[in-house]
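Single-structure report; data block below.
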Amino acid sequence: MKSKVVLTFCVFLSLSFASSVTNNAFAGNKVDIPAERLIGDSIKVWIFFTDKGESIGRISKPTAVSSHAVTRRLARAAAVDYTGFDRSVPDDYLAQIQPFIQRVDNQSRWLNAVSAYIRPANLDNVARLACVKEIRSVAVYTRPNEPIPQDQVTLEKPSEPYPPEYGPSWTQMNQIQVPALHTLGFKGEGIRILVMDTGFRIDHPVFVNTDIAATHDFINDDEDVQDDGEIPATQQSHGTQTLSVIGANAPNLMLGVAYEATFLLAKTELYGPENITEEDDWVAGLEWGEAHGCDVVSSSLGYIDWYDYADMDGNTAITTKAADIAASLGVMVVNSIGNGQRVSAQPTLIAPSDGDSVFAIGAVTSAGEITHFSSNGPSSDGRVKPDLCAWGAGNTVANPSSNGLTTNSGTSFSCPLVAGTVALLLEAKPEWKYGEIFEALTSTATRADNPDSVYGYGLVRAFDALNYEDHEARNIVGISAYPNPFSTTVSFDFEVTPIGEVEVRIYTVAGEKVATLTRAIGDPAPLTWNGTNQDGEEVADGVYIAYITASGTSEIRKILKVGARNGPGF
């Protein structure tokens, strides 16, 4: 039986948030906390709750979301029941932990958890509460080996001629066929893009025409995403540069990939020592952006320091869990794969790029060759990562310290190039969901026929992706789940066109992933679930969602489990 306190800092235990923890499971295990994790006399942890108040008969109320979010969910969401996602953390449970913590920093309605500062001596008291399912350490942000931006670079003579209205940013976009989509009239209009980063100098001249609908600083809990005197002057630099790649709208100076899109800006990362900058602000920013109706996320951030490669399995890291929930609500999450050294003893990808519904982006040179710093995959469960690549060496970006432009390198800049491309495809093909966008991009990329753990499926070809139509003939038919209701096992039978690998993911109605089933190419046998979670423990009776994916398309079925042998288990 597992303890509720999961605080192994060098190697995180691979527990999904659907893992089994019973109320009397906590045995008062000693928690070994490295000194560097202490902030004064406290540590920062995630506290996960058992439910949304159902067990005490006081279910929390849903949080309001924008009309843009509702429209996107109806058009592109995979989730069936949104209630579990939108309900806030129960006030009754917050009241129960209050005597033992110093303060709550963030609340996550998606994860049904809070990040809080707590003295180590109080961990046992919190873990014994009936409403608490699990406690974990908060992981930290890392951005290794990213070059510091140059003070000023003359860019009047780029490597090839470019249309004057674009400025020198045309070159990095032309490598992935973006200007061809602009010529067809697709520039991001009507698409909302959430950019999460260190801060943004929104008064820079490249943003003179950029449509910024909302901003929030999750570090200082206000609306000012620029430097505000409380943090180093470098705070806004990185975000200013990544935003310029996707959202600059200053003709004859610089244009971004989706320069007519609407932007939501979230300042989620504190520039400086890693033990200060943490993943919970990223989760909070993502939930905020989804509620404000974002269609696409561009995140040049990642988390690894308190995770291990084994945790890069698409199910473990907190940010990966949140990214997958966003994807189930119809959001396209695009994330840098990281700037680790490519030649290493093991893959260097970072969360949430390991997510099975996250576009992980690597970086190539102007010649299309992989850069020396672009992190490599695969994910620890063997999936292709990165998914795609774009230019990430000497990119044209806004100069945060002047009104001009400069250059910088990193997967931080290949990411917004691809995120912007996804936005253009959504504008052109509003009916496309994640599977169709993913298939169109990966099937037309430069290494589509031979993906690997360095380039993934290769360099993006935006125009070719727009004209990729094979997915329209792909479907899953004849789906049956039997028996349904079931008590011990349920089998899924269906036909897939064309024949390909099939995956069935089992979720609770609150969006918690319970299990993943796969069927190899050409295997006609049904897939069977034995009613256990990813740790082999029986789950509770109730309704579950089967999300069936194959050949770039997906279907959903509800199933009902009855007669659990061991009672509640998820």
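Some observations on this one:
- Tallying residues that are surrounded by fewer than 21 Cβ atoms within 10 Å (Cβ to Cβ) and either outside any helix (DSSP H, G or I) or in contact with a helix residue (DSSP H, G or I) (Cβ under 7 Å, 6 or more places away or on another chain) (or both) within the range 433-442 yields 3.
- Screening the candidates Y457, Y547 for the property of being within 20 Å of S379 (Cβ to Cβ), crowded, with 17+ Cβ neighbours inside 10 Å and at pLDDT 90 or above yields one hit, Y457.
- Condition check for S108 on (1) out of contact with any Lys or Arg (no Cβ under 9 Å at 6 or more places or on another chain); (2) farther than 23 Å from M312 by Cβ; (3) modelled with pLDDT of 90 or more; (4) surrounded by 14 or more Cβ atoms within 10 Å (Cβ to Cβ): one failure, at (2).
- Test for T268: is it surrounded by fewer than 24 Cβ atoms within 10 Å (Cβ to Cβ) and either assigned by TED's automatic domain parsing to the domain that holds E189 or at pLDDT 95 or above (or both): no
- Filter result for the condition that a residue is under 30 Å from A546 (Cβ atoms), in the same structural domain as W46 (by TED's automatic domain parsing) and in contact (Cβ under 8 Å) with a residue 40 or more places away in the chain, over R119, R109: R109
- Scanning the range 403-415 for residues that are crowded, with 24+ Cβ neighbours inside 10 Å and β-branched (V, I, T) gives a single hit, T411.
- For A75, the conditions (1) buried (at least 16 other Cβ atoms within 10 Å of the Cβ); (2) at pLDDT 65 or above; (3) in contact with a Pro (Cβ under 8 Å, 6 or more places away or on another chain) all hold with the exception of (1).
- Within the range 208-224, the set of residues being hydroxyl-bearing (S, T, Y) and closer than 16 Å to K187 by Cα comprises T210 only.
- Cβ-Cβ distances below 9 Å connect the following pairs, each with a first residue in the range 162-187 that is farther than 16 Å from V397 by Cα, a second residue that is in a loop (DSSP other than H, G, I, E, B) and among the basic types (K, R), and a separation of six or more residues or different chains: I176/R461; Q177/R461; L181/K187.
Rundown of residues vs (1) more than 23 Å from V65 (Cα to Cα); (2) touching a helix residue (DSSP H, G or I) at 6+ places or on another chain (Cβ under 8 Å); (3) outside any strand (DSSP E or B), yes/no style:
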site: I97; (1), (2), (3): yes, yes, yes
site: D105; (1), (2), (3): no, yes, no
site: W110; (1), (2), (3): no, yes, yes
site: S115; (1), (2), (3): no, yes, no
site: A121; (1), (2), (3): yes, no, yes
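- Filtered residues of the range 51-71 (kept if in a helix (DSSP H, G or I) and hydrophobic (A, V, I, L, M, F, W, C)): I56, A69, V70
- Filter pass, V257 being among the β-branched types (V, I, T) and more than 16 Å from the chain's Cα centre (by Cα): yes
- Yes/no for V418 being of a type in the set (V, I, T), surrounded by 22 or more Cβ atoms within 10 Å (Cβ to Cβ) and either outside the structural domain of F207 (by TED's automatic domain parsing) or under 16 Å from the mean Cα position of the chain (by Cα) (or both): yes
- The strands (runs of 3 or more DSSP E) falling completely within the range 454-553 that include 1 or more residues that are small (G, A, S), outside the structural domain of A77 (by TED's automatic domain parsing) and touching a residue at least 24 places away in the same chain (Cβ under 8 Å) map to 475-482, 490-497, 542-550.
- Members of the range 167-202 that are buried (at least 24 other Cβ atoms within 10 Å of the Cβ) and of a type in the set (D, E): D197
- T319 satisfies every condition listed in (1) under 22 Å from Y434 (Cβ atoms); (2) in contact with a Ser or Thr (Cβ under 6 Å, 6 or more places away or on another chain) except (2).
- Options E230, E290: the member that is modelled with pLDDT of 95 or more, in the same structural domain as M332 (by TED's automatic domain parsing) and acidic (D, E): E290
The values are calculated or read from the model by the stated rules, or taken from the named source; none is laboratory data. Small disclaimer: the values here were computed from a predicted structure and weren't measured. In this analysis, Cβ positions are derived from the backbone assuming ideal geometry, glycine residues included, and neighbour counts consider all displayed protein chains.
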